[in-house]
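Before any comments, here is the structure.
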Amino acid sequence: MDSQDPVLSDQHAPVTSHQQVPRHLAIIMDGNGRWAQRRRRPRVVGHRAGARAVNLTVDFCLQHGVEALTLFAFSSENWGRPEEEVGALMKLFLGALEREVDELHRRGVRIRFIGERVRFSDAIVKRMALAEAQTAGNGRLHLNVAASYGGQQDIAAAARALAREVAAGRLDPEHIDEKAVGAHVALADLPPPDLFIRTGGDHRVSNFLLWQLAYTELWFTETLWPDVDAGLLQQALDDYAGRERRFGLTSAQIAVEASA
Ligand code: FPP
């Protein structure tokens, strides 16, 4: 673990601490297809425009001191989309990996991928591993890309890992609690997302980070992902800053803790 890393070195802050800027932002980038269809263009044009909005969002996070950004780029269920669209998305991912990683590295971004990467082509898997290795020492922004990811699969994988430890005699089943499960899901070394944004008008979590979103503030917008700009992201942050996060406690308890 990198002790210089602002995110990792301060994981154990009191749960009720509420900073103005979310430390960890998680986003479902929805609406690429509709954005293209409204322009009578193929869906892939929307995904390309969506990739530009990803760059803008990374810039925004770097400028505003967001420490971790987790993007839902491709769900386990997205493999079921028409072959042509899946192929176009794969081409887009590979292109982004080839073009963007050096610059992200230069800017201190650590890149990680969560999800079932064995389902991707060898070329993509290789580039993912290279990007992770090249940027592993960075800590200015953790950029986590969920690709072939599903929250239920994530929890199932954690259950399998714990079951293996029980079967090997290293773990008492009675000791399996939230902490034990939480230590085995994706991004276990990062604080959970403070703020979740979903663009595109739907009000669902869609199998994204199910475990990790337990106490995350949710923010939804009708805006389609390719139309996202810094003003919209700022709106989400402003809304977040005005919320009271109680984590199951009362307002009075939160007030006492804040003044301590
Ligand atoms: C959801 O919109 C978006 C996706 C399934 C793909 C997300 C991919 C990108 C933003 C592009 C590149 C990303 C990276 C990390 C390089 P949708 O197609 O479901 O839109 P719709 O709801 O309007 O059909």
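The values are calculated or read from the model by the stated rules, or taken from the named source; none is laboratory data. The structure presented is a predicted model; accordingly, all values stated were derived computationally and were not measured. Cβ sites come from the backbone with ideal geometry, for glycine too, and all protein chains shown count toward neighbours. These accessible areas exclude ligands, DNA and RNA; they are computed on the full protein's heavy atoms, side chains included. Shrake-Rupley method; radii C 1.70, N 1.55, O 1.52, S 1.80 Å.
Annotations for the structure displayed:
- When Y215 is tested against (1) under 19 Å from the mean Cα position of the chain (by Cα); (2) open to solvent by less than 20 Å² (accessible area, probe 1.4 Å), exactly one condition is not met: (2).
Residues are listed down the side, and each one gets a yes or a no for (1) touching a Cys at 6+ places or on another chain (Cβ under 6 Å); (2) farther than 24 Å from L94 by Cα:
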position: I124; (1), (2): no, no
position: E132; (1), (2): no, no
position: L141; (1), (2): yes, no
position: A157; (1), (2): no, yes
position: E174; (1), (2): no, yes
position: V181; (1), (2): no, yes
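- Close pairs from region 14-27: first of a type in the set (S, T, Y), partner surrounded by fewer than 19 Cβ atoms within 10 Å (Cβ to Cβ) and at pLDDT below 95, Cβ under 6 Å, at least 6 apart: T16/F247; T16/I254; T16/E257
- Residue list for region 104-124, filter: buried (at least 22 other Cβ atoms within 10 Å of the Cβ) and in a loop (DSSP other than H, G, I, E, B): G115
- Within region 199-216, at least one residue is in a loop (DSSP other than H, G, I, E, B), over 29 Å from N55 (Cβ atoms) and not polar (S, T, N, Q).
- Residue count for region 217-245, restricted to those that are outside any helix (DSSP H, G or I) and over 17 Å from M29 (Cβ atoms): 5
- Lone qualifier among A186, A146, A157 - being surrounded by 13 or more Cβ atoms within 10 Å (Cβ to Cβ), farther than 30 Å from D59 by Cβ, under 19 Å from the mean Cα position of the chain (by Cα) and hydrophobic (A, V, I, L, M, F, W, C): A157
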